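The numbers here are math on the coordinates, done by the rules we state, and not lab data. Quantities reported herein were computed from a predicted structural model and do not represent experimental measurements. Using ideal geometry, Cβ is built from the backbone for each residue, glycine included, and neighbour counts are taken over all protein chains shown.
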Amino acid sequence: MPSILIIDDDDAVRGLLRAVLEAEGCEVTEAANGRQGLNQYRLKPTDLGITDVHMPEMNGLVMLRELMPECLDAKVIVLSGAGEKENALDVATRLGARQTVPKPLHMAELLHAVRYELGQ
């Protein structure tokens with residue numbers, strides 16, 4: 001069973017992603033900001049991380065910048081909300097994100113990215 005860590009400060013988004021990914025047969029854990037997500041990943045690495053860009057305490061880009069040098073094989077998909085500059089997604093890619101998905105989410109696009117990264 002693949003494991004996925006969802007990092008997003010929006011409870012509704014985390015809940016929706018959890019429901020969809022668990023229905024796909026994944027084990028899902030959650031974090032409400034980048035600092036929590038980074039700490040959780042360090043304690044128990046997952047097969048895939050899905051993170052938002054803008055969050056309190058530590059945003060997704062700072063989290064990526066800290067995570068990737070110490071976990072070179074980490075797989076992370078970065079989500080970026082409507083109205084965000086395209087630049088955030090470009091920066092995420094340069095920092096090591098495997099894929100980026102704009103919000104509002106199209107679940108088929110996200111599931112395709114998840115399946116690809118998990119090798120399914």
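Figures for the structure shown
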{"quantity": "Sites excluded, GluC sites (Glu not before Pro) in DSSP loops with at most 16 other C-beta within 10 Å, longest stretch of the chain", "calculated": "85-120"}
{"quantity": "The chain - Kirkwood radius from inverse mean 1/r over Cα pairs (Å)", "calculated": "13.9"}
{"quantity": "Point-charge dipole on Cβ atoms (K/R +1, D/E -1) for region 3-118, about Cα centre, debye to 20", "calculated": "220"}
{"quantity": "Residues with amide H under 5 Å from that of THR100, placed H, sequence gap 5 or more", "calculated": "VAL78"}
{"quantity": "Residues SER3, SER80, sorted so that the one with the fewest Cβ neighbours within 10 Å comes first", "calculated": "SER3, SER80"}
{"quantity": "Helix-only [θ]222 nm of the chain, DSSP H runs n ≥ 4, -39500 (n - 2.57) each, per residue, nearest 500", "calculated": "-14000 deg cm²/dmol"}
